[in-house]
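First the structure, in the form of structure tokens, and then the observations on it.
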Amino acid sequence: MKRIRLLFLYLLAAVFLTASVFSMVNHFRTARLVSNHIQYSAWSLAQLELELQKFYTNIALYGANAIDHNQLMFSYDLLWNRLNVFLVGKENRTLRARFNAEIKIRNLYNTLQDNEQRITDLKAGDKAQQQLLTQQFYPYVQQVRELVMLNFTGKESTKMYEGVLESQKHLAWLLAGLFAVGLTLIITLLRQARRFNRLAHQDPLTGLANRGLFNDSLEASCTNSRQPDSHFALCLIKLNHFKEINHYLGYRQGDELLQKVAQRLREHVRRQDLVARLDGDNFAVILNNLQNDSEALDLARYFRQSLVFDFFIKGRATQIDTSVGVSIFPLHGLQPAELLQAASLALYQAKSAGSTTRVELFRAEMAEHQTRQTTLLLDLKRQLQFCDATSELQLHYLPLYRAADRQLTGIEALLRWHHPHYDAINPIEIFELAENHGLGMALGNWLFERLEYDYHHSEVRWPDDIKVALNLSISMFNPALPSWINQVLQRHVLRPRQLVLELNEATLTQDLQRSTGILKALQDQGIRVALDNFGSGVSSLTTLKALAIDILKLDRSLVQQLSQHQRQQQFVDSIIALCHRLQIQVVAEGVESEEDARCLQAMRCDEIQGFLHSLPLPTSELAPYLQQTSLPAIRTENNPSS
């Protein structure tokens, strides 16, 4: 299609050039005809008639003593010269060939030549000679006048005139066609130019400004805003969990979501602001003409709120959320690169779990945080390449007890990292670091390799029926997860019935239909799935109804000081009873007092874990718990980062 359009454009240009050549040739032809008719024919004959009439009149005037002989001879010389010019001049060649003009004019010339002596010797008052000369030249006066008239009104003159009109008519049509073709060509070229300009400065999917136009606008804003009271803000926007949405729901739905986000941004920013799509799910807004710094945050929070909505795909609602990082000129930089770096650091902070508003203004400590994140990322990549006793990255194990008789039933593997420079790193930060930099699969492989290493280097053999609960990266929860775990367990000491995968509600409810298929495939292999941290967020009974969960883990916020709050007891008791009716096992995590443990036991909670019996233990301290026959002494050490 593009080639056809290009060929059509070339054809239009060729027609335009050809029509231009023809119009120019015809124009010159018409101009030549008109010039010949007016300048050569009309002018020459008119001048000849004028000179002849003047000479003829001067003969009569001389005879009446009105002029002297010199004036008569002067008119004679002028007529002589005019006749010579007419008879020998190339410019009169066409005229001499028409109307027998050459014969008639030559006869006049001969007559003038024959009477030269008579004219020279003519005396004033010589009536006979004057009458003779008058009779000889009078016929020529009439003949020249007829030639003039024929030249203007005769058949040939009329034919020439009609030819001129016809030529002008053809020229008019040709010029009209030329104008139409030229206009079409110009419109086409303008549209092509507008299209190329739009492609050069507009994102084809969303219609927003692209990165090129954004860079130019940001540089222009920096240049035009150097007055003391001039402010503008740069906002970088990223959709949360867009990769998962795009992967699980399909790229077509992902494109529709990006278009929806672009539409909402256009509707909720001011006219003087620029909205751009940089790449993927990354957007930017330049907020111009700000009065103060707080206005930038207010505007950012306003249009960020417009991007929190339910996106309906195939009858299902997917919650959309965004994070925004803000930098302000000139507070955070005078150059585009400085503002972009500051906004990027603020965006990273907005995306982190610690952000409550999802809109962050750049602060100096964010640069230090970025340095820390870069160091941790490089060290994490290095740590994921091996598993041994000297590794900084380790697994600690939190024992899991049956509530009824306090017998050990399993262990939960918890990720621990004691960094040589930053000390204990929060496991949430480790998982986020892996997720944000594509290390989710690498971390999952490391977790199973570390389990294998700890199993073989344990002082005692792990019981064959012990459960091992494990958290995986969010990105790993996809349709390929059951197949991947099956391959891992084929070369692992753990059997499928021993493995418990702990998943939070946000991961499971992102796409209930997809989650249902993944859970069924895992359960068909004998792997159990636990709904972690139930009650910590927006957990709902819909999750329990829609998904076949094997284990539900009550969040520590529901368990701590349970014995002191009757209403909380009623709530937890109802959850446990409901789960048992749904054949879901209930585990209470974060149990720290004997009173809370007895209360859970009375509610028929299946299993408990927490600091009441043990902190998370390294492999070297796990042996007594694996071979115990009664409860160990209560651990009272400070709780490390959980």
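For the stretch 255-278, state whether one or more residues are assigned to a loop (DSSP other than H, G, I, E, B), in contact (Cβ under 8 Å) with a residue 40 or more places away in the chain, within 15 Å of Asp203 (Cβ to Cβ) and in contact with a strand residue (DSSP E or B) (Cβ under 8 Å, 6 or more places away or on another chain). Checked the stretch 255-278: no residue is assigned to a loop (DSSP other than H, G, I, E, B), in contact (Cβ under 8 Å) with a residue 40 or more places away in the chain, within 15 Å of Asp203 (Cβ to Cβ) and in contact with a strand residue (DSSP E or B) (Cβ under 8 Å, 6 or more places away or on another chain). Can we say Asn107 is assigned by TED's automatic domain parsing to the domain that holds Val85, farther than 17 Å from Asn58 by Cβ, touching a Ser or Thr at 6+ places or on another chain (Cβ under 9 Å) and in contact (Cβ under 8 Å) with a residue 12 or more places away in the chain? Criteria not met by Asn107.
The residues on offer are Glu505, Glu459, and the sole one that is in contact with a helix residue (DSSP H, G or I) (Cβ under 6 Å, 6 or more places away or on another chain) and surrounded by fewer than 19 Cβ atoms within 10 Å (Cβ to Cβ) is Glu459. Going through the stretch 438-464 one residue at a time, which ones are outside any helix (DSSP H, G or I) and polar (S, T, N, Q)? Within the stretch 438-464, Ser458 is the sole residue that qualifies.
One line per residue, one yes/no per condition, for (1) under 30 Å from Tyr625 (Cα atoms); (2) surrounded by 13 or more Cβ atoms within 10 Å (Cβ to Cβ); (3) in contact with a Pro (Cβ under 8 Å, 6 or more places away or on another chain); (4) of a type in the set (S, T, N, Q):
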site: Ala343; (1), (2), (3), (4): no, yes, no, no
site: Ala346; (1), (2), (3), (4): no, yes, no, no
site: Val359; (1), (2), (3), (4): no, yes, no, no
site: Gln373; (1), (2), (3), (4): no, yes, no, yes
site: Leu378; (1), (2), (3), (4): no, no, no, no
site: Lys381; (1), (2), (3), (4): no, yes, no, no
site: Ser391; (1), (2), (3), (4): yes, yes, no, yes
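Just one of the listed residues (Arg211, Arg195) is at pLDDT below 85, within 16 Å of the chain's Cα centre (by Cα) and surrounded by fewer than 18 Cβ atoms within 10 Å (Cβ to Cβ), and it is Arg195. Scanning the stretch 177-192 for residues that are modelled with pLDDT under 75 and out of contact with any helix residue (DSSP H, G or I) (no Cβ under 9 Å at 6 or more places or on another chain) yields Phe179, Leu183, Ile186, Leu190. Within the stretch 206-224, the set of residues being among the hydroxyl-bearing types (Ser, Thr, Tyr) and within 14 Å of Gln272 (Cα to Cα) comprises Ser217, Ser221.
Residue-wise test of (1) of a type in the set (D, E, K, R); (2) within 26 Å of Thr509 (Cβ to Cβ); (3) over 20 Å from the mean Cα position of the chain (by Cα); (4) in a loop (DSSP other than H, G, I, E, B).
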| site | (1), (2), (3), (4) |
| --- | --- |
| Phe283 | no, yes, no, no |
| Ile286 | no, no, no, no |
| Asn289 | no, no, yes, no |
| Ala296 | no, no, yes, no |
| Tyr302 | no, no, yes, no |
| Val326 | no, no, yes, no |
| Gly333 | no, no, yes, yes |
| Ala346 | no, no, yes, no |
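Among the residues making up the stretch 562-598, those that are buried (at least 16 other Cβ atoms within 10 Å of the Cβ) and of a type in the set (Asp, Glu) are Asp573, Glu589, Glu592, Asp596. Do the conditions hold for Ala404, that is, is it in the same structural domain as Ala597 (by TED's automatic domain parsing) and aliphatic (A, V, I, L, M)? Judged against the criteria, Ala404 is a match. Applying the condition of being in contact with a Leu (Cβ under 6 Å, 6 or more places away or on another chain) and modelled with pLDDT of 90 or more to the stretch 583-595 and asking which residue is farthest from Tyr401 (Cα to Cα) yields Ile584. When Glu435 is tested against the conditions (1) among the charged types (D, E, K, R); (2) in a helix (DSSP H, G or I); (3) farther than 27 Å from Ser352 by Cα, the lone failure is (3). Within the stretch 447-462, residues that are among the polar types (S, T, N, Q) have Cβ atoms under 7 Å from residues that are at pLDDT below 90 in these pairs: Ser458/Thr619; Ser458/Leu622; Ser458/Ala623, counting only partners at least 6 apart in sequence or on another chain. Scoring Glu432 on the criteria (1) crowded, with 19+ Cβ neighbours inside 10 Å; (2) in contact (Cβ under 8 Å) with a residue 40 or more places away in the chain leaves a single failure, condition (1). Pairs linking a residue in the stretch 135-149 that is in contact (Cβ under 8 Å) with a residue 60 or more places away in the chain to a residue that is of a type in the set (Ser, Thr, Tyr) and surrounded by 14 or more Cβ atoms within 10 Å (Cβ to Cβ), with Cβ atoms under 9 Å and 6 or more positions apart or on different chains, are Phe137/Tyr56; Phe137/Thr111; Tyr138/Tyr56; Tyr140/Tyr56; Tyr140/Thr111; Val141/Tyr56. Considering Asn533, Asn504, the condition of being on the phi > 0 side of the Ramachandran plot and either touching a strand residue (DSSP E or B) at 6+ places or on another chain (Cβ under 8 Å) or free of Cβ contacts under 8 Å to residues at least 12 places away in the same chain (or both) is satisfied by Asn533 alone. Kindly indicate the residue of the stretch 462-491 that is charged (D, E, K, R) and exposed (fewer than 14 other Cβ atoms within 10 Å of the Cβ) and also nearest to Phe386 (Cα to Cα) among those meeting that condition. Looking at the filtered set, the residue picked out is Arg491. Could you count how many residues in the stretch 599-617 are over 12 Å from Ile411 (Cβ atoms), modelled with pLDDT under 90 and surrounded by fewer than 21 Cβ atoms within 10 Å (Cβ to Cβ)? Final tally of qualifying residues: 3.
Scoring Lys238 on the criteria (1) closer than 20 Å to Gly440 by Cβ; (2) assigned to a helix (DSSP H, G or I) leaves a single failure, condition (2).
The values are calculated or read from the model by the stated rules, or taken from the named source; none is laboratory data. All values reported here derive from a predicted model rather than from experimental measurement. Here Cβ is always computed from backbone atoms with ideal geometry, including for glycine, and neighbour counts include all displayed protein chains.
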